[in-house]
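Asker: I'd like to ask some things about the structure below.
All of the numbers you see were taken from the coordinates with simple rules; none came from a lab. Note that the structure is a prediction, hence the values are computed from the model and not measured. Glycine also receives a Cβ, built like all others from the backbone with ideal geometry; neighbour counts cover every protein chain displayed.
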Amino acid sequence: MSPVLEVRNLGKSFGGVRAVDDVSFSVEAGKLLALIGPNGAGKTTCFNMLNGQLPSDRGEVIFDGRKITGLKPREVWRLGVGRTFQITATFASMSVRENVQMALISHAGETWTLFGRAKDRHVAEADALLKQVGMLDQAERACGVLAYGDLKRVELAVAIANKPKLLLMDEPTAGMAPRERIALMALTAEIARERGIAVLFTEHDMDVVFAHSDAILVLDRGKLIAKGRAEEVRNDPAVRAVYLGSGATSGGH
Amino acid sequence: MLEIEGLNAYYGRAHILHGVGFSMGRGEVLALMGRNGAGKSTTMKAVMGLVPPQAGRVTFEGHTIVGREPFEIARLGIGYVPEERRVFSELSVMENLSVAQRPKREGAPHWTPERLFQLFPNLGRMRDRPGGAMSGGEQQMLTIARTLMGNPKLVLLDEPSEGLAPVIVEEMAKTILALKGEGLSVLISEQNLHFAGSVADRATIIEKGLIRFTGTMDELKADEAVRAQYLSV
Amino acid sequence: MIDLIFAQTLNGLASASSLFLVACGLSIIFGVTRIVNFAHGSFYMLGAYLAFTLVSRFGPADALGFWGGVLLAAVIVAALGALVEIVILRRIYQAPELFQLLATFGLVLMVQDIALGIWGPEDKLGPRAPGFKSFVVLMGSRFPSYELFLIVVGPIMLGLLWFLFQKTRWGTLVRAATQDREMVGALGVNQRLLFTSVFAFGAGLAALGGALQLPREAVNLHMDLSMISEAFVVVVVGGLGSVTGAYLAAVLIGIIHAFGILIFPKITLVLVFLVMAVVLVIKPYGLMGKRPVGSAHAHGPVEPLLLPASHNVKLIGLAALAVLLLAPFVVADHWLLTLTELSIFALFAASLHFMMGPGGMASFGHAAYFGLGAYGAALAVKWLGMPMVPALAFAPFLAGIAGVIFGWFCVRLSGVYLAMLTLAFAQIAWATAFQWVDVTGGDNGILGVWPAAWAAPKLVYYYLALAVCVVAILALRIIVFAPFGYALRAGRDSPLRSEAIGLPVMRIQWIAFIIAAVAAGIAGALFAFFKGSVFPTYMAIPRSVDGLLMVLLGGVQTVSGPIVGAFAFMGLQEQLMKATMYWRFVMGASIVLLVILFPRGLVGTALAFAERRREAEPAAPVTATPEPAR
């Protein structure tokens, strides 16, 4: 089976510093790939190049058999790439349901419609998505007043509204309580397997990484220093030195 | 040295703290724990005067500090390290430190840039680098160093381990223990029980703006029911 | 030819110095206090007037008398600035940015009347500077030595400011506060003192700029607004917060002015506009600027959900409409004129609200589209000989075309930058109407724009205006609740998320900008036929601020707010103008008071009050709230 996302020799420099240096990897449908590494290793830069927020200097990104390097974020989205952000980005003045409806409206190409209530469009579909992430009972509430963990779920529903083939999640569980973290990633894994979505995520919580990834990439100073299954990465001395440490403060990982 | 009683605070129109109360002693590391949105950050901001408390008493070494301006509270000897780090991104490391510089204080360790660079050797190697050009871990160290320049007696650390790589978190734990060794009191807000366990003497748990548990770290580790109910561990 | 170019270059450099001082102060004040100080031009004007008085008193021939007077003027204005900061601004730092802006505009009005009261309406011609009265012959042309002095002042001040900001503790604190003022306070720095000193310093710089102009040009009551709009251009071109950028931009603008007058005397402002456009296309945040961190909504409350009108609100709306329809049968005849004007301004306010509220694009220059609509109608009547109905239909196109062009640039920016740019564009539209005498009649305007015979009676025209305005306002309302309106709000709430779900934010904002321009154009066209004439003042800054006042008075968060605001504002203004000659002062003072008392606008305050009452009745459930500012 050909991978959904293939990254070849990706590179980016800021003022002479190689933030991302010759990085290559691929993700397959229904699999969760974790990208870990110290702060400043280039994870977010790498992410921003994948969905077009940053132009790359070198290399290419192939999505679904098509080169997407150089496209804008919204064009990448149209091709089927969903994204969640480290700091949740939702529409605070809209209700939970309206947030999802907005994504559905955009997906259906109805953005430019000047009349007819937006509220009445794609209600059933929006509710189905909200039900899947367990937010249906809060559909009428404003996103601006939601608890952080709930906001993350809404973002997930929005990100999968256009039936993406690839989901990019930047620190999806940052700022959540331990059990919520596991629950959110379990939900993500379930949705990914059910819908055959490939998921690439960055994360600092090793409980989450080791429990919910099919494979792990380790980035340090822009370079890929390890790649493999949880056990291999965990026992890699280079990874322990630059990233994992002794495990004393991360629950023994 | 810090006593809080019946603290009520609002963020905008939302009532966040409903009568928070706890106290901490000199040289103690206290972990303020709880879920996201429970009120940890707001408690710290209320102590610091950044979110004006609507009701309640906060005393620091006998001074009532409710109603004072943040800069007055800082001058009494309370240092605040915000969760989002908030280094001055266009100022160099040295300039970041100089902003917070205060005169020597009786009963608190006296910090100079040179002394801080012994504690944070990384910073010493990038004195002229702008804060914005540093990695997340380095910025976290810089905010702590910056706060110490005010020679505080009590440091409030808001989620110091959040978003940091495990190796950096370990370094952070060592730093906090070093500060404790200097005789400083430290209040940290945390969700990470492993981390809190490695640095704190006592823990107090906040949930929906109320204190639900206070005890030693060992008591918390032994009390599975409390952890499950309030920390979702 | 070469000598002419040389002379004009020197000329441009000389005028750049004062511009630099004013723009620099504006930029520093904004950096630390986050207040766009509209009153900065007023400090400049006060500096010039005070210098005039002080120099006359101390003896203009004496070097000490002259320079002492100039410096003392700057010091006095700095002290006034400190007073303004302590008495007014300190109370409104928590209010949304636009309200702060309004308060400073209130100050502009107050200062205008104070200056009028003290110095009278005549221009004041200042003395020449002792020691700089002669001419220097450079490359064959005579050049006043004072101009050369001014040219030197610019770089010297730039050097001094650089030293101040890079090498002193005060400067370091100012730079730190520019990035995060709350944090500076939490680190033990006395924020209040810092803010006051920064404001006083900026005011002093502006006053020095004004005082130095004394030997160069006559002091007059219009210096404030003409300077503030140029200073906005300089700040936008140079980059907000950059002292060096402000200097470069001031030199650039100064030289363009100097050459523009030489080459295209009629369209110097168009030239400035072209240069600004080129700079902004290449560097959206100015020559030396960085992407700003804040936005116009930076510290406002979280936007509430936008709900369609409830049953009660609909009933109130219908009742109000019924009152407006029946009013002519009850009230006296002259009230019809007031009601017609009110309807037109309600549409104007609603069009501004459309881009400010849902669009999140605050405009300081919305009068441009109102004015262009009015001129569109007048030009169609005068030059194309159109009757009323086709002219009414044609006029909004002119406004719409301006919206297409200006909007294209504006949506590239956001927050305060965008707002300053809209003001600069409005000044260009105003200047074109003012300077292009052959077509627009300049200051004399275009007269004889009368409605068709059937619509001439006051009653008929009232119903016509009411019908057009109600339809247009309802259309705007429908768009707000339609998918397009949602997409627009989405772009305001989170551009990042919008782009990530395929919404082209800039294009959506651009279309919204054009829609708002067309709607304002309709209002303008109706106004032209209502008054029978058009004048450049229709697009001047005060009219734009009127629009802002109406929207903010009503509350930007509600769709019906601007209409309420338009009625409240027009009523207030009319009464004041009748009551006193110094109505500007009273108006300005009322604005300042309103901002201090009702930081959320009239409708916003009423809603908050209603909500509080609702909350107070049953014990309100604890709403889980995210930890703020993640």
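Asker: Per DSSP H run of n ≥ 4, the term is -39500 (n - 2.57); total these for chain A, divide by its residue number, and report the mean residue ellipticity at 222 nm rounded to 500 deg cm²/dmol. Spell out each step's value before the answer.
Answerer: Details: 8 runs with 79 residues, N = 253.
Computed mean residue ellipticity for chain A: -9000 deg cm²/dmol.
Asker: Here's something else I'd like to know. Multiply the residue separation of residue C:405 and residue C:133 by 0.36 nm, subtract the distance between their alpha-carbon atoms, and state the gained length in nm to one decimal. Please list the in-between numbers first.
Answerer: Details: separation 272, 0.36 × 272 = 97.92 nm, distance 4.60 nm.
Computed gain between residue C:405 and residue C:133 is 93.3 nm.
Asker: Moving on to the next point. Once phi is turned into θ = phi - 60°, what whole-Hz ³J(HN,Hα) does the Karplus curve with 6.51, -1.76 and 1.60 give for every residue of the stretch C:174-185, x standing for Gly and Pro?
Answerer: Those phi angles translate into 4, 5, 5, 5, 4, 8, 7, 6, 5, 5, 4, x Hz.
Asker: Take every residue in peptide C:188-200, count the Cβ atoms of other chains within 10 Å of its Cβ, and give the average of those counts. Mind showing how you got there, number by number?
Answerer: Working: counts 20, 9, 5, 3, 2, 1, 1, 0, 0, 0, 0, 0, 0.
Mean partner shielding for this stretch: 3.
Asker: Explain nothing, just compute: Karplus ³J(HN,Hα) = 6.51 cos²θ - 1.76 cosθ + 1.60, θ = phi - 60°, for every residue of the stretch C:5-11 in order, whole Hz, x for Gly and Pro.
Answerer: For the stretch C:5-11, the Karplus-derived couplings read 4, 4, 4, 5, 4, 4, 4 Hz, x marking Gly and Pro.
Asker: Using a Gaussian network model on chain A with a 10 Å cutoff between Cα atoms, which of A:171, A:203, A:232 fluctuates the most?
Answerer: So, out of A:171, A:203, A:232, the one fluctuating most is A:232.
Asker: Could you check the simple spin-label distance between residue C:83 and residue A:127, using points 7 Å along Cα→Cβ, in nm with one decimal?
Answerer: Simple spin-label model gives 6.5 nm for this pair.
Asker: Also: Could you tell me which residue out of A:118, B:110, A:35 lies farthest along the dipole of the protein assembly as shown toward its positive end? Charges go on the beta carbon: Lys and Arg +1, Asp and Glu -1, centred on the Cα centre.
Answerer: It is A:118.
Asker: Moving to a separate point now. ³J(HN,Hα) across the stretch B:183-193 via Karplus (A = 6.51, B = -1.76, C = 1.60, θ = phi - 60°), whole Hz, x for Gly/Pro?
Answerer: So the Karplus estimates, Gly and Pro as x, are x, 7, 9, 10, 10, 10, 9, 8, 10, 7, 5 Hz.
Asker: Can you tell me the order of B:199-212, C:581-594 when each peptide is scored by its average per-residue count of other Cβ atoms within 10 angstrom, highest first?
Answerer: Numbers: B:199-212: 20.8, C:581-594: 18.9.
Averaged packing, sorted descending, gives the order B:199-212, C:581-594.
Asker: Is there a quick way to get the dipole size of the protein assembly as shown? I mean about its Cα centre, with the Cβ of Lys and Arg at +1 and of Asp and Glu at -1; what is the value in debye to the nearest 20?
Answerer: Working: 94 positive and 83 negative charges, 168 e Å.
With Lys and Arg at +1 and Asp and Glu at -1, about 800 debye.
Asker: Also: What share of Cα pairs, in percent, lie more than 26 angstrom apart in the stretch C:2-282? Show your work: numbers first, answer last.
Answerer: Working: 16932 of 39340 pairs.
Distances greater than 26 Å cover 43 percent of the Cα pairs.
Asker: Which aspartates and glutamates, if any, have their Cα less than 15 Å from the Cα of residue C:531, not counting same-chain residues under 8 positions apart?
Answerer: Answer for residue C:531, where 15 Å is the Cα cut-off: C:341, listed by chain and number.
Asker: Next question. What FRET efficiency comes out for residue A:78 versus residue C:58 if R0 is 60 angstrom and r is the Cβ-Cβ distance? Round to the nearest 0.05. Walk me through the numbers on the way to the answer.
Answerer: Numbers: r = 71 Å, r/R0 = 1.19.
Result of the calculation: an efficiency of 0.25.
Asker: Once you average over the residues of B:189-196, how many Cβ atoms of partner chains fall within 10 Å of each Cβ?
Answerer: Values: counts 1, 0, 6, 6, 3, 10, 4, 1.
So the per-residue partner count for this stretch is 4.
Asker: Would you mind finding the longest exposed-site-free stretch of chain A, with exposed chymotrypsin sites (Phe, Trp or Tyr not before Pro) meaning DSSP loop and at most 15 other Cβ atoms within 10 Å? Spell out each step's value before the answer.
Answerer: Numbers: sites that count: A:112, A:115.
Longest stretch, sites excluded: A:116-253.
Asker: Report, as an integer, the average count of C-beta atoms from other chains found within 10 Å of each Cβ along C:159-166.
Answerer: On the way: counts 0, 0, 0, 0, 0, 0, 0, 1.
Other-chain Cβ atoms within 10 Å of each residue's Cβ, averaged: 0.
Asker: Residue farthest toward the positive end of the dipole of the protein assembly as shown, with Cβ of Lys/Arg at +1 and Asp/Glu at -1: which of B:37, C:232, C:275?
Answerer: Sorting the options by dipole projection puts first C:275.
Asker: With each label point set 7 Å from Cα along the Cα-Cβ vector, what nm distance links residue C:325 and residue B:126?
Answerer: Taking the two extended label points, one gets 6.9 nm.
Asker: Quick one: helix C:483-493 against the long Cα principal axis of chain C, what's the angle to the nearest 10°, folded into 0 to 90?
Answerer: In chain C, helix C:483-493 runs at an angle near 40 degrees to the longest axis.
Asker: Right, next: Based on the Cβ-Cβ distance of residue C:316 and residue C:575, what FRET efficiency does E = 1/(1 + (r/R0)^6) give at R0 = 30 Å, to the nearest 0.05?
Answerer: Efficiency computed from Cβ-Cβ geometry: 0.80.
Asker: Checking the cross-link filter: which aspartates and glutamates have an alpha carbon closer than 17 Å to that of residue A:43, excluding same-chain neighbours under 8 positions apart?
Answerer: Excluding near neighbours in sequence, the set is A:6, A:21, A:22, A:57, A:60, A:170, A:171, A:203, A:205, A:220, B:138, B:162.
Asker: Could you list C:529, C:135 so that the one with the fewest beta carbons within 10 Å of its beta carbon is first and the one with the most is last? Working shown, then result.
Answerer: Numbers: C:529 26, C:135 13.
Lowest to highest Cβ neighbour count: C:135, C:529.
Asker: Looking at chain C from every direction and averaging, what is the projected area of its Cα convex hull in nm²?
Answerer: Details: hull surface 123.4 nm².
Its Cα hull, projected and averaged over all orientations, spans 30.9 nm².
Asker: Let me ask something additional. Long-range amide H contacts for residue B:80: which residues qualify at under 5 Å (H placed 1.01 Å from N, peptide plane, sequence gap of 5 or more or a different chain)?
Answerer: Amide H neighbours of residue B:80: B:156.
Asker: Magnitude of the Cβ-charge dipole of the stretch C:2-282, K/R +1 and D/E -1, about the Cα centre, nearest 20 debye? Before the final figure, lay out the partial values.
Answerer: On the way: 15 positive and 13 negative charges, 93 e Å.
Value, rounded to 20: 440 debye.
Asker: Please list the non-local residues whose amide H lies under 5 Å from the amide H of residue C:136, H modeled 1.01 Å from N, same-chain partners needing a gap of 5 or more.
Answerer: C:143, C:145
Asker: Turning to a different aspect of this structure: Show that you can apply the helix-only estimate: for chain C, add -39,500 (n - 2.57) for every DSSP H stretch of four or more residues, divide by all residues, and state [θ] at 222 nm to the nearest 500.
Answerer: Numbers: 25 runs with 452 residues, N = 630.
That calculation yields -24500 deg cm²/dmol at 222 nm.
Asker: Work out, step by step, the length gained on full extension between residue C:118 and residue C:149: first 0.36 nm times the residue separation, then minus their alpha carbon distance; give nm to one decimal. It would help to have the intermediate numbers written out before the result.
Answerer: On the way: separation 31, 0.36 × 31 = 11.16 nm, distance 3.04 nm.
Length difference between fully extended and current span is 8.1 nm.
Asker: Give the distance, in whole Å, between the Cα centre of the stretch A:104-170 and the Cα centre of the stretch C:201-228.
Answerer: Between the Cα centre of the stretch A:104-170 and that of the stretch C:201-228, the gap is 54 Å.
Asker: Quick one, could you list the DSSP H helices from chain A stretching 15 Å or more along their long axis (Cα atoms) with average Kyte-Doolittle hydropathy of -0.5 or above?
Answerer: Numbers: long enough: A:96-107 (17 Å, 0.12); A:148-159 (16 Å, 0.21); A:178-195 (26 Å, -0.28).
Long hydrophobic helices here: A:96-107, A:148-159, A:178-195.
Asker: Still on this structure, I have one more. Using a 7 Å offset from the Cα along the Cα-to-Cβ direction at both residue C:335 and residue A:193, what is the distance between the two label points in nm, to one decimal?
Answerer: Using points 7 Å along Cα→Cβ, the separation is 7.5 nm.
Asker: Can you give the Rg to Rh ratio of the protein assembly as shown, both from alpha-carbon atoms, with Rh computed by the Kirkwood formula? Present the calculation step by step, with values, prior to reporting the outcome.
Answerer: On the way: Rg = 31.2 Å, Rh = 31.8 Å.
Rg/Rh: 0.98.
Asker: Rounded to the nearest 0.05, what FRET efficiency do residue A:67 and residue C:471 have when you use their Cβ-Cβ distance and R0 = 51 Å? The partial results should precede the final answer.
Answerer: Details: r = 50 Å, r/R0 = 0.98.
That gives a FRET efficiency of 0.55.
Asker: List the lysines whose Cα lies under 19 Å from the Cα of residue A:131, skipping any in the same chain that are fewer than 8 positions away.
Answerer: Cα-Cα hits under 19 Å: A:119, A:152, A:163.
Asker: Pulled fully out, how much extra length does the chain show between residue C:277 and residue C:164, if you take 0.36 nm times their separation in residues and subtract their Cα-Cα distance? Intermediate values should be presented prior to the final figure.
Answerer: Values: separation 113, 0.36 × 113 = 40.68 nm, distance 3.21 nm.
Contour length minus Cα-Cα distance gives 37.5 nm.
Asker: Which residues' amide hydrogens lie under 5 Å from the amide hydrogen of residue B:66, considering only partners 5 or more residues apart or on another chain, with H built in the peptide plane?
Answerer: B:58
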